[in-house]
Amino acid sequence: VTKSGYISKSGTLLLGGPEHRSFSLEKAPESIRENLDADWAGFRNSADNQAVTEAATPTDAGSVELKWQKQYGRGHSSGAVSSPILVDDKIYCYAGNKLMMLNKETGEQIKETEMAGSSSFSINPPTYADGMIFVGLNGKIQAFDAKTLESLWVYTDPLGGQPNSTIRYDSGYIYTGFWNSVKGGNLVCIPVDDEVPGSGDEVK
């Protein structure tokens, strides 16, 4: 039983015919995270899914100059670097089991943290919302504090599988899907609240 802003409850419910059950949920702790400005918060950027920006782009090769280039990630599988997002004037991306925060002006790494796994091919960018960074991993989604990169919680999908769907945020929930070639797949909806502050491996 879940609701955005409240602490979820889980268990087994056995019904013997038509019955009515009531559940009470405790209020989740208020978020202490700062809501940051995001120039590009995730796949196709905004809720309208149009990937439109007002940023000016060059009109000919002569007006283009390489600003910086850095090697992050390796290969085209789980070690590959993801597409980046731009939040709080910083670049966020991941490669292997590392989530990185980079200086957008120089490409230098500002912070790095270890994730609870890796993605099969790193085909989806992280997603930013409500002061948090969400990353799809093999059979998991992990949430991080966008300022500190501290882990906040981990969701583990019962079927596991590849995180082949981008993570989308709306009104306190994230939505995504997992694909498993043998077991099928799941579409999931998860409230983003940090229900147990201070527990980086909190189970969603």
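Data overview
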read-out	value
Counted residues, the range 149-170 - those being open to solvent by 70 Å² or more (accessible area, probe 1.4 Å) and more than 15 Å from the chain's Cα centre (by Cα)	1
Enumeration of residues in the range 10-45 that are without any contact (Cβ under 8 Å) to a residue 40 or more places away in the chain, surrounded by 13 or more Cβ atoms within 10 Å (Cβ to Cβ) and in contact with a Phe, Trp or Tyr (Cβ under 8 Å, 6 or more places away or on another chain)	Leu25
Counted residues, the range 68-104 - those being within 28 Å of Leu36 (Cα to Cα) and free of Cβ contacts under 8 Å to residues at least 12 places away in the same chain	1
Within the range 94-112, tally of residues that are open to solvent by less than 30 Å² (accessible area, probe 1.4 Å) and either out of contact with any Ser or Thr (no Cβ under 6 Å at 6 or more places or on another chain) or hydroxyl-bearing (Ser, Thr, Tyr) (or both)	6
Qualifying positions in the range 30-79 - at pLDDT below 90, among the aliphatic types (A, V, I, L, M) and closer than 25 Å to Ala146 by Cα	Ile32, Ala47, Ala51, Val52, Ala55
Lone unmet requirement of (1) of a type in the set (A, V, I, L, M); (2) within 25 Å of Phe121 (Cα to Cα); (3) open to solvent by 30 Å² or more (accessible area, probe 1.4 Å); (4) in contact with a strand residue (DSSP E or B) (Cβ under 7 Å, 6 or more places away or on another chain) for Val196	(2)
Which numbered condition Ser83 misses (of (1) small (Gly, Ala, Ser); (2) buried (at least 22 other Cβ atoms within 10 Å of the Cβ); (3) assigned to a loop (DSSP other than H, G, I, E, B))	(2)
All positions within the range 171-187 that are surrounded by fewer than 19 Cβ atoms within 10 Å (Cβ to Cβ) and aliphatic (A, V, I, L, M)	Val182, Leu187
Sole residue being at positive phi and open to solvent by 50 Å² or more (accessible area, probe 1.4 Å), chosen from Asp130, Asp60, Asp88	Asp130
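The values are calculated or read from the model by the stated rules, or taken from the named source; none is laboratory data. Note that this is a predicted model, so its numbers are computed, not measured. Backbone-built Cβ (ideal geometry, glycine too); neighbour counts: all protein chains shown. Just the protein is used for accessible areas: all its heavy atoms, side chains included, with ligands, DNA and RNA removed. Shrake-Rupley method; radii C 1.70, N 1.55, O 1.52, S 1.80 Å.
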